[in-house]
Amino acid sequence: METIAKTTSVDKEIADCVVVGIFKPKRLSASAKKLDKLYRNSISNACQRGTAGGNLGQVTTLHNSGRSKHNCIIVVGCGEENKFSISKYQTALNAVANEIKRNKISNIINCLAELPVKDADILTKVQVAVTTIESSMYAYSETKPKAKTRIHFRKQKFITSNRKEISDMRDGIEIGKAIVSGINLAKELGNLPGNICTPTYLAEQALALKKGNRKLKVNVLDEAQMKKLNMGALLSVSNGSVEPAKLVTMEFNGGNENERPVVLVGKGITFDTGGISLKPGATMDEMKFDMCGAASVLGTIKACCELDLPLNVVGVIACAENMPGGRATKPGDVVTTMSGQTVEILNTDAEGRLVLCDALTYIDKFEPETVIDIATLTGACVVALGQIPSGVMSNDDDLAKSLIRAGEQTGDRTWQLPLWDEYQSQLDSNFADIANIGGRWGGTITAACFLSRFTKNYTWAHLDIAGVAWHQGKEKGATGRPVPLLTEYLLHQAYEF
Ligand code: BES
Ligand code: MN
Ligand code: ZN
C-alpha cells in the first residue's frame, strides 16, 4: 500500500476518489467546500436531498462525470464539531473504509485529517487515519482461499496547504504503517484456527520475526526447561494437552545497553476448552482467540522493529493449550509456582493467570523498568466494560494514566478498574498460599489480584482484553487490539512525550 503526504489543493490533485467530512447539521469542511464549488454544488445538493448529512458515520458516494479530476467523492458525517474526538474520528474513518471496499476504490485523497479533532495534532490525525483505513483492508484467507475478496485499495494521499505540516504528516504515515503491520500480524495469528496456531506455531512465528533484524533476539523454552525453572503453574495448564507448552522471549534491543527494558507479557492460550472445568459448547470456538494477548505482543514487537524504536523492549508469550484429558489438572490440585508460592487450582478454566504468573516471575531476570501483561483473562471484564475499552489495573497510577492516554491517542481505549488490597482476601485458600479464583464478584479485579502476587518487584500494569480482542457474530475475527495502544505507549517512552 502506498501512502503519501503532499502540499497541494484538493481541486488540483487527481485521484479515483476524494474523502471529505461534514459536521452537523450541514457544515462542509474546507476541502468539501472546494469540491462543492468545482462540481457545481453537488455536495450541498446532496445535503439538501438528505443523501449526505452530518450524522456521525453517515456516508455517501457522489459520482462525478467521466472527465473529472475525481471519479467520486465520499462524503462522511462527523457528528457535532465540538464533540469530534479521536474515537469519533475513527468511527467516521471506519465508515469510509467500508465504503471504499464496497465501491472497490483503488486510490483516494483523504481530506479527513484537516478536520479539527479534539486533543489530536496533525501527526496523530494522519497516524489514526492510516491505522484505521489500512488495517481495515486486512482479509483473512489462509484456510478460505476462495474468500480472497480482492482488495482493490492501493493508494492513500494526505494533502495540506501548509508546507510545515508535511514532515509531521510523514511521521504519522510511518508510525501508522508500522502499527498496521503489527495489527495485521496480531489479526492473522488470532484468526488462525487452534489446530494450526498451536504453542509451537506461535514460537515459530516469533523466530520468524527475527529474520533480518539484528536487534531482535528470540529464545524458546520447552517444557523440560520450564520444569527445571519450577514453573508448576504454567505446566499445569498444558498437562491435559498433547501440544507442548512454550515460553517465548523476544528481546528487542533498540536502546542503550544499560537501559532497563519495558517488558510485555502476553497470554497465549491457543485454545481454551476450560480443561476439566469444561466450558459450555456454545461459542467455544471463540476460545481460539485466547492467544490474542500473545498475538498483540508479537505484533507490537514487529512494530518496534519496523520503527527501529530507540528503546529496549522484551516481549514474552506464555503459550499453552488448555484441554481436559487423563493427565489434565483437576479442581483441587495444588501446584508450586516458580516464585515458590503454592496455588490451589479450584477451577481449571482460570488458566490464563496460571501461565502468566510463572512468566511474570521469569521476567524478573530482565530487571524491567515497567511490565505490562496483556490477556483475554476474564469474561467478567466483558460484563463490566462491554466491548469498547480494555480494562487496565496497575500497582502504579502513573503507569495506568500513561496507558489510558496512549489508548485515547490511538482510539484503542482502556478503562481503569481498582486494584485495592480489600479484594485480596477473596483469593484465600485452606490448602495453598493462593486460590486461583476469587468467587462470584469482581472477577476481573480478583484475577488481577492473583497476578499482583507475582509482580511485587516492579512497576506493573495488567490489560484485560477479553472484550476487545475479537469481534463476534457476522464480523467474527480478531481486531489486532491492543497493538495501537502498546505501540503508542512505547513511542511515548522512547521519545519522552
Ligand atoms: N479465556 C477466558 C476468559 C474469556 C471468556 C474471555 C469469555 C473472553 C470471553 C478465561 O480463561 C476464563 O475462562 N476465565 C474464567 C475465569 C473464571 C473461571 C474465574 C471466566 O471468565 O469465566
Ligand atoms: Mn479459561
Ligand atoms: Zn482463557
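The values are calculated or read from the model by the stated rules, or taken from the named source; none is laboratory data. Only a predicted model underlies this, so the values are computations on that prediction, with no experimental measurement involved. Because the Cβ atoms are built from the backbone with ideal geometry, glycine has one as well, and the counts that use them run over all protein chains shown. With ligands, DNA and RNA removed, areas are computed over all heavy atoms of the protein, side chains included. Shrake-Rupley method; radii C 1.70, N 1.55, O 1.52, S 1.80 Å.
Here are a few things to note about the model shown:
- So Lys187, is it part of a helix (DSSP H, G or I) and modelled with pLDDT under 95: no
- Within the stretch 251-294, considering residues that are touching a Cys at 6+ places or on another chain (Cβ under 9 Å) and buried (at least 24 other Cβ atoms within 10 Å of the Cβ), the one nearest to Gly477 (Cα to Cα): Met291
- Number of residues in the stretch 440-458 that are within 10 Å of ligand 1 (Cβ to nearest atom), touching a residue at least 40 places away in the same chain (Cβ under 8 Å) and among the charged types (D, E, K, R): the value is 0.
- Filtered residue count, the stretch 381-404, keeping only those that are under 27 Å from Met231 (Cα atoms) and open to solvent by 20 Å² or more (accessible area, probe 1.4 Å): 2
- Taken over the stretch 340-373, residues that are within 16 Å of ligand 2 (Cβ to nearest atom) and either open to solvent by 10 Å² or more (accessible area, probe 1.4 Å) or not in a helix (DSSP H, G or I) (or both) amount to 10.
- Unique residue being open to solvent by less than 70 Å² (accessible area, probe 1.4 Å), touching a strand residue (DSSP E or B) at 6+ places or on another chain (Cβ under 7 Å) and among the aliphatic types (A, V, I, L, M) when the list is Leu247, Leu235, Leu229: Leu247
- Residue match in the stretch 69-92 (condition: farther than 30 Å from Asp412 by Cα, touching a helix residue (DSSP H, G or I) at 6+ places or on another chain (Cβ under 9 Å), open to solvent by 20 Å² or more (accessible area, probe 1.4 Å) and part of a loop (DSSP other than H, G, I, E, B)): yes
- Any hit, the stretch 416-428, residues being within 12 Å of ligand 1 (Cβ to nearest atom) and closer than 22 Å to Val313 by Cα: no
- Every residue from the stretch 121-150 that is under 24 Å from Asp168 (Cα atoms) and of a type in the set (Val, Ile, Thr): Ile122, Thr124, Val126, Val128, Val130, Thr131, Thr132, Ile133
- Figure legend. Inter-residue proximity from the stretch 140-166: first residues among the hydroxyl-bearing types (Ser, Thr, Tyr), second residues open to solvent by less than 100 Å² (accessible area, probe 1.4 Å) and in a strand (DSSP E or B), beta-carbon distance below 7 Å, spacing 6+ or different chains. Indicated pairs: Tyr140/Gly477; Thr160/Thr7; Ser161/Thr7.
- Of the set (1) part of a helix (DSSP H, G or I); (2) of a type outside the set (Ser, Thr, Tyr); (3) farther than 21 Å from Asn457 by Cβ, all apply to Asp412 but (1).
- Of the residues making up the stretch 454-496, those that are assigned to a loop (DSSP other than H, G, I, E, B) and in contact with a helix residue (DSSP H, G or I) (Cβ under 8 Å, 6 or more places away or on another chain) number 15.
- Output for the stretch 405-442, where each listed residue is open to solvent by 40 Å² or more (accessible area, probe 1.4 Å) and either within 16 Å of ligand 3 (Cβ to nearest atom) or hydrophobic (A, V, I, L, M, F, W, C) (or both): Trp415, Trp420, Phe431, Ile437, Trp441
- Of Ile301, Ile276, all but one fail to be away from ligand 2 (no atom under 16 Å from the Cβ) and either among the β-branched types (Val, Ile, Thr) or assigned to a helix (DSSP H, G or I) (or both); the exception is Ile301.
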